[in-house]
Amino acid sequence: MSVAAAPAWLDEERLDESAPVVRVRQGLDATRQARPQPSAQLVDSFGRVHRDLRVSVTDRCPLRCAYCVPLDDPRPLPRRDLMTAGEIVKAVRVAVELGVTRVRLTGGEPLQRPDLPDIVAGIAALPSPPQIALTTCGIGLDRLARRLARAGLGRVNVSLDTVDRDRFKLITGRDRLADALAGIDAACAAGLRPVKLNAVLLPGGNEDDALSLVEFALARGCELRFIEYMPLGGRRPWRRDQLVTADAVLDRLRARYRLTPLPGRGHSPAARWLVDGGPGVVGVIAAVTHPFCGDCDRLRLTADGQLRSCLFGNVEHDLLGPLRRGADDAELADVLRGSVWAKPPGHGIDQPGFHPPSRPMSAIGG
Ligand code: SAM
């Protein structure tokens, strides 16, 4: 399959409607949130207990995905502003002591960090180690999968929006499909299972890749999840009417496969279906059309050490400052609790006053 002309969603369009980030530093609570009750857990003011920490280890990425990297491709953070491996492990240790049981390393592209195996090993060596997962574009995973598995990595999610080389190049700006596929095969061979594949579909772009992606995933025993395009960067301003909804994807899949819903979603962002009675599974992450904020137990730490309790929020709590001034565990725990406590009830994409965060997904960490 080849693509004759670039689809409209690859065109660039400028419209700055993002909201500035409010940084909260210790003692300067710009949000004027009530202080959280001292608690052994990371609990927000709506009672949601947080067990999932996503850590962006770098904002650098070899790909320039149309829906992720903004038009004004931001300069990468200065290296001195990136958390060191030791700072990441320390932040994770304190979070684990506060009840976090799952840690996902992401970015940017986490494989861009040469010390990623050390970060994984450091987390795996904690007294009560969490489950460790990685989200990656797969480029370079062929060389690293076994080493990461030995270091303690448990699972991997690889982003793959198409299995067509020309389309891959159009979407990501790079001719690297073969490298991504080699990474997926290496992850499977290294036992980093279940390998999950993440796809973002865009209308008039790769939406008709849905079926070939399912075929690809089923043939490798991977679980494919379709993520709705969210207002988090990209070359064009996000519009709700330019969304391939989860329901539209499911309709497309039902034309070929029998889908049986799987119960027991828990805190997972994905609703999952057995394909033709199994064992193959597909999922949809309908963050826009069927939000799951009420069950959200996720907290994010950006590569420059800022805590974000909501992917779409504009408030960040500074953890890097306290880490670098040698704050003790109690103070770090306070910052973590404060960030979670200030979490909004929902992402508010459908609210009239919604403005997307000024930091794109590539900087926040997906
Ligand atoms: N570089 C890694 C990768 O490619 O998976 C990790 C970072 S990437 C930001 C994490 C995930 O966010 C990817 O699965 C990507 O498809 C998804 N993503 C990025 N921008 C998005 C957007 N605007 N809407 C929905 N998903 C997005």
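Only the coordinates and a few stated rules stand behind these numbers; no lab work does. Being a predicted model, the structure only gives us computed values, none of them experimental. Cβ: placed from backbone, ideal geometry, glycine included. Neighbour counts: every protein chain shown.
Couple of notes before you dig in:
- Each residue of the range 293-305 was assigned a 3J(HN,Hα) from its phi angle through the Karplus expression (A = 6.51, B = -1.76, C = 1.60, θ = phi - 60°), giving 4, x, 10, 6, 10, 9, 10, 10, 10, 6, 4, 9, x Hz with x at Gly and Pro.
- Options F226, L307, N206, ranked by Cα towards positive dipole end of the chain, top entry (Cβ charges): L307
- For the peptides 284-290, 182-188, the ranking by packing is 182-188, 284-290, with the highest mean count of neighbouring Cβ atoms within 10 Å listed first.
- Stokes-Einstein translational diffusion, the chain - Kirkwood Rh over all Cα pairs, 1.306 mPa s, 10 °C, in µm²/s: 76 µm²/s
- If R0 equals 41 Å, the separation of the Cβ atoms of A255 and E97 corresponds to a calculated FRET efficiency of about 0.25.
- Prolate/oblate/rounded label for the range 231-366 (Cα gyration tensor, a/c 1.5): prolate
- Derived scalar couplings ³J(HN,Hα) [the range 311-317; Karplus, 6.51 cos²θ - 1.76 cosθ + 1.60; whole Hz; x for Gly, Pro]: 3, 9, x, 10, 10, 10, 9
- Theoretical ellipticity at 222 nm over the chain - DSSP helices of four or more residues, -39500 (n - 2.57) apiece, nearest 500: -7500 deg cm²/dmol
- Cβ crowding within 10 Å, taken as a proxy for footprinting-reagent exposure, orders H347, H267 from fewest neighbours to most as H267, H347.
- Between amide H atoms placed 1.01 Å from N, distances below 5 Å from V24 occur with E316, H317, D318, all of them 5 or more places distant or on a separate chain.
- Near G365, once Lys and Arg are set to +1 and Asp and Glu to -1 for all other residues with Cβ below 13 Å from its Cβ, the sum equals +3.
- Here the residues D81, D304, ranked from fewest to most Cβ neighbours within 10 Å of their Cβ, fall in the order D81, D304.
- In the elastic network of the chain, a GNM with C-alpha springs shorter than 10 Å, the most mobile of S39, S339, S268 is S39.
- Over the chain, relative contact order from alpha-carbon pairs under 8 Å, at least 6 apart, %: 25 percent
- Highest mean packing comes first when the peptides 274-281, 41-48 are listed by Cβ atoms within 10 Å, giving 41-48, 274-281.
- Peptides 198-211, 246-259 ranked from most to least packed give 198-211, 246-259, packing being the mean of other C-beta atoms within 10 angstrom over each peptide's residues.
- Fraction of beta bridges assigned by DSSP in the range 23-364 that are antiparallel (%, nearest 5): 30 percent
- A Cβ-based charge dipole, computed about the Cα centre of the chain with Lys and Arg at +1 and Asp and Glu at -1, lands at about 740 debye.
- Database remark: amide H of R60 closer than 5 angstrom to the amide H of E109 (H placed geometrically; neighbours at sequence offset of 5 or more, or on other chains; Pro and chain starts carry no H).
- In a fully extended conformation the segment linking R150 and S45 would gain 33.9 nm over its present Cα-Cα distance, using 0.36 nm per residue.
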